[in-house]
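First comes the structure, then the notes that go with it.
The values are calculated or read from the model by the stated rules, or taken from the named source; none is laboratory data. Note that this is a predicted model, so its numbers are computed, not measured. Cβ sites come from the backbone with ideal geometry, for glycine too, and all protein chains shown count toward neighbours. Ligands, DNA and RNA are stripped out before the accessible areas are found, and what is left, the full protein with its side chains, is counted by its heavy atoms. Shrake-Rupley method; radii C 1.70, N 1.55, O 1.52, S 1.80 Å.
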Amino acid sequence: MNSIDDFVTLIRDDLGLDVDMTDVDRPLDQVAGWDSLHLIALLTRLEHSTGHSLSLPAALEASSLRGLYDVAVTG
């Protein structure tokens, strides 16, 4: 994953959510179909693709997809 575009593609392709760049700054509770199971699935896929562990507390504090992207980038 090299960019937020790749991140959105991962969410769309791997999680099956119909998201695009207009959704990255939307509050997570306003992202169509988003729920806590998607968060766990996303963190698992991100850890696999980045090769490092991600902070669950930091992910839980994220309020948007961009926030989750930032957690993934900073590890």
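Shown are ILE4, ILE11, whose ranking by accessible area with a 1.4 Å probe and every protein chain present, most to least, is ILE4, ILE11. If the chain linking ALA32 and MET1 were pulled fully straight, counting 0.36 nm for each residue of separation and taking away their Cα-Cα distance, it would gain 8.9 nm. Computed from the C-beta positions of ILE40 and ASP70 and an R0 of 22 Å, the FRET efficiency is 0.75 to the nearest 0.05. Our coupling estimate for region 3-17, obtained by passing each phi through the Karplus curve with A = 6.51, B = -1.76, C = 1.60 and θ = phi - 60°, is 7, 5, 4, 4, 4, 5, 4, 4, 4, 5, 7, 8, 9, x, 8 Hz, Gly and Pro reported as x. Less than 5 angstrom separates the built amide H of SER64 from those of LEU28, all sequence-distant by 5 or more or on a different chain. A simple rule links phi to the HN-Hα coupling: the Karplus curve 6.51 cos²θ - 1.76 cosθ + 1.60 with θ = phi - 60°, which for region 62-68 gives 5, 10, 8, 4, 4, x, 5 Hz, with x for Gly and Pro.
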